[in-house]
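Just so you know, all these numbers are worked out from the coordinates, no wet-lab data involved. Being a predicted model, the structure only gives us computed values, none of them experimental. Using ideal geometry, Cβ is built from the backbone for each residue, glycine included, and neighbour counts are taken over all protein chains shown.
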Amino acid sequence: QDPTAAHYMFQDDPFLMPRNAASARLYSLSKESGKNAAKYIIKQFPQYFDKTFAEPNVPCLMPEILTPQIEGLSEEALKERIHLRRVKDSVDMFDQLIQAGTPVSLETTNSLLDLLCFYGDGEFTPEKEEEDLEEPGVNASEQKAPKKQSRRGLQSFDSRWRENNNAERIFKIMPERNAHSYCTMIRGMVKHGASAKAYDMYIDLLNERHKADVHTFNALITAVPYLKERFLERWELAKVFLNHMAQQGVQPNLLTFNALLKTLRRCGGIGKSMSLSVIKEMEALDIEPSLATYGHLLFIFYKDVDCYPSGIISEVLDDVEKRSFAPQDPDDANFFATAMQVCCDLKDIKLAYRLNKAMEKGDNWKFLDMDRSNAYWSKFFSLLCMMEQIDVVLKWYKEMSTSAFYPTPKNILDLLQALDAANHLEVIPSVWEGMKQLGYNRRHDLLEELLSLMSREQHPHEIQLAFAKCAEDIKAALDQTGREQALLEWTSLELGSLAVLFSRAGRTQDAWNMIERLQQISRIPTDHVMNEFFNCAKQTNCPDEAIKLVKLAASLDLPLSQKLKSRTEKEFELSEKQK
Amino acid sequence: TSSVLSTENDKSTSSKDSTTDVASKSQEGTAETPKQKLLDIIGNMTVEVSYRKKLKQLKTREITNTLEGPDSEHTVLQRTTEDVRGGKPLNPELVQAVSAVASSLPLNKKQTESELLAQLRRHEETTDKQKKGGLTNIRNVISEMAVKRQSPAQRGVKISSRISLRVDEDDQRIKPERLSPQSFDYRSLKVGKRLNIFTKASKETENALKTVSSPTIWDLEFAKEIAAVTAQPPRNGFEEMIQWTKEGILWEFPIDNEAGMEDDAEFHEHIFLEKHLKDFPKQGPIRHFMELVICGLSKNPYLSVKQKIEHIEWFQNYFEEKKELLQEI
């Protein structure tokens, strides 16, 4: 891993490399949207792309034929439209067929129901299809960029199940229905948020003496938290479904148990006691748990802040370390972030190292896309700052910063605290350089922490000079009013610290500028600041400055003014005028 | 469901045999320390013990004494085992009726009896759960326990294969759900009981389940979603080239000259076309002409074998027609 390089997908030019998490996201999104734009052009204007020069032909670069070929009113035409996923056309054709009196076979009607239930009666647009063809590491199209919720567009719950929509209507007018019809309706309703209706539909299915399939049961189990409020009722309802499964001879699969654990996440204390039984059940049925299983388990056991130590996480890590996982459940991707969060809460660095090793094993790293990877490493770094020696922390920081992850503001704060704890404050100017790169140079919380750490104590002379240089840099950065940046408000803490720093380095004029600025924003300099300035004036032998200070103190009627006055008289040789 | 019931049946037969001893022993001897005897015997059985079960067995022994007849012992045994599996003691008349029905049917008597009794038991359970008050003390306790506790209500549905003489745990479970942290200091994935709702599918049922219809839109989209979980952008040039090769953008190395060409025929079928000249005369200008045709065709890389044969046949037809003309002349 080259510590100076960004991810491969970015241009390998120092000017074009992303500096922080936000710009990394932006660049990768723009890359994807470029690809999308190209695909869009090919799709819209296929007549310009019909020459196949390549031998052998490359089908993925050629325009696809997405318009229905079969015209006219027939079941074949309907099937084709369903296959091409044209929701509106299929519904229209179906209605026309019914009105014309031609019977549509049960199978075709079922596949139409599948289509409608899957898309929740919203229109399927080609742009939507593009999204799930892209890598999930980036949200494909730009219009989805701000939305974090609906990441996998088709799995989003944005589309709601409308009352009496096409699916329900067609379901009602079907002359005969089989188990598949009910099942697909249930799945659609659960997917689009109509859980109560799904439950009613399930009762209908039972009344018709049909058997549901495993996917339907999985959907019903996921809908349980929306059907009941109290924890015990939720668990009881989930068990009802499980028992029905057993009665109807439907074998549960991994997704059943994952759905069960997901429901248990919202069952409070019952979740803790029951989840272990669920795991044992999986074992008894020879179903290997996936990462999602472990993720849910960790969440259930460690979501309370006051978690007493239990051995669950080490056992989970024991299992995870041994295997290289293949994706089996969309929730697998959340495992590593959850696990690292648990390690942070438990403040256990050894577990974190183990988790890291497990992540690097085999294909496990693939479960972390860009955003999750950033969150994961950021938490790991926070933990490091808390628990490890400073040289280890700095080593990780140098290696990983901007190549593996982009430190968040919290990470910078943690780093500063670690430096403080280890008494390594001379590294702070380089941290400031890092901050500038990351684009945090105008964040008040970081600046205040930085400056107050620097100005808290006296330091050996070279360090003081270095600090002063850094302070000047900070001042310059803050003063700068670029095209987009508004004039930043200074806080009194910042100004005070800057004044102190300048004073200590003997830069009287700069320090006085700072104090003046304080006046401008109608703040009073603290005693600390004024004393420092006074000392500086004494050192550089500028009685004028000292008098200026006394005048200021007097005008503000500060208690310190008297002391300052006496000190001035004592320590300086003043001319008569000055007195 | 049949497999579930049959396994239940097998276990219940084994337990039936042992409870025969129990019933007979207690009937012979006194009822002193039946709990102790039960514990000993049941400890040898592969049946889980629960407080409720003991209560029920005590109760059934009371009911046993009231019954007479040759069927009584059999029904008692059945009822005991069914109660062992965690229902309520059923109406003895019902049970007798069930056994009568079972004996009238030509199928396996025990199996039908147990099935019918199980169904009746379920009805009883649901009605009792909804009934409020008017029950005996024991029933109150039992129904209360069914509501409060989580697993013992279901544990009786299936007799597990594991021996667990956790008598005390049941008493503990009557405490409220919100267990204090101290009582569950150490929890592990390795220790613990399972839900006991499902059984492992046998091989035949697995194979039967494998025959599925063509994948629906749900399956296709789910497969896409799963693939998208680990689809990360390539980390280096090699991974990018791998991805392109998979998509077909990049050629596969080592280069295959015939990639993309679908030609079923071997090279000799293209070149050695003489065998198609069987029907032509062996001498004469026609033969000469056709040999030239064949020579040209064999050098043609653009036509498929079929097309070449068609060419030759066209000539054949043509010359057939012309032959009549020529003959006339």
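Per the helix-only calculation at 222 nm, which mean residue ellipticity applies to chain A, given -39500 (n - 2.57) for every DSSP H run of n ≥ 4 and division by its residues, nearest 500 deg cm²/dmol?
Counting only the DSSP helices, I get -19500 deg cm²/dmol.
Cα-Cα pairs above 41 Å in chain A: how many percent?
Of all Cα-Cα distances in chain A, 47 percent exceed 41 Å.
Based on alpha-carbon centroids, what's the gap between the stretch A:487-564 and the stretch B:285-329 in Å, whole number please?
With the stretch A:487-564 and the stretch B:285-329 each reduced to a Cα centre, they are spaced 110 Å.
Suppose R0 equals 60 Å. What FRET efficiency, 1/(1 + (r/R0)^6) with r the Cβ-Cβ distance, do residue A:304 and residue B:251 give to the nearest 0.05?
FRET efficiency, residue A:304 to residue B:251: 0.60.
Going down the list A:398/B:224; A:366/B:193; A:35/B:224; A:280/A:322, which pairs span over 28 Å between their C-alpha atoms?
Correct reply: A:398/B:224; A:366/B:193.
Sort A:296, A:459 so that the residue with the fewest other Cβ atoms within 10 Å of its own Cβ comes first and the one with the most comes last.
Going from sparsest to densest Cβ surroundings: A:459, A:296.
Provide a whole-number value for the mean count of partner chain Cβ atoms within 10 Å of the Cβ atoms in peptide A:322-332.
2
Describe numerically, in nm with one decimal, the distance between label points set 7 Å from Cα along Cα→Cβ at residue A:433 and at residue B:295.
Result: 8.2 nm between the two label points.
Neighbour counts of other C-beta atoms within 10 Å: give me A:83, A:244 arranged from fewest to most.
A:83, A:244
How well do other chains shield peptide A:277-290, expressed as the mean number of their Cβ atoms within 10 Å of each residue Cβ?
Across the residues of A:277-290, the mean count of other-chain Cβ atoms within 10 Å is 4.
Take the stretch A:230-315, drop everything but the C-alpha atoms, weight them equally and run the Debye formula without solvent; then report log10 I(q)/I(0) at 0.12, 0.15, 0.26 Å⁻¹ to two decimals.
Each listed q corresponds, in turn, to -0.35, -0.54, -1.44.
Taking beta carbons within 10 Å but only from partner chains, what does the mean come to for residues A:251-257?
Across A:251-257, the average partner-chain Cβ count within 10 Å equals 2.
Could you give me D for the stretch B:267-327, from Stokes-Einstein at 25 °C and 0.890 mPa s, where the hydrodynamic radius is the Kirkwood radius over C-alpha pairs? Units µm² s⁻¹, please.
204 µm²/s
Scan chain A and hand back the longest stretch that contains none of the chymotrypsin sites (Phe, Trp or Tyr not before Pro) lying in DSSP loops with at most 10 other Cβ atoms within 10 Å.
A:54-579
Please work out the Cα center distance from the stretch B:211-277 to the stretch A:297-375, rounded to the nearest Å.
Taking the Cα centre of the stretch A:297-375 as reference, the centre of the stretch B:211-277 is 36 Å away.
Enter the Cα centre distance for the pair the stretch A:205-284 and the stretch A:1-44, rounded to the nearest angstrom.
42 Å
I'd like to compare A:206-215, A:84-93, B:235-244: which one has the highest average count of other Cβ atoms within 10 Å, and what's the full order after that?
A:84-93, A:206-215, B:235-244
Please tell me the relative contact order of the stretch A:310-459 in percent, rounded to the nearest whole number, where contacts are Cα pairs under 8 Å and at least six residues apart.
19 percent
Run the numbers for residue B:287 and residue B:310: contour at 0.36 nm per residue of separation, minus the present Cα-Cα distance, in nm.
6.5 nm
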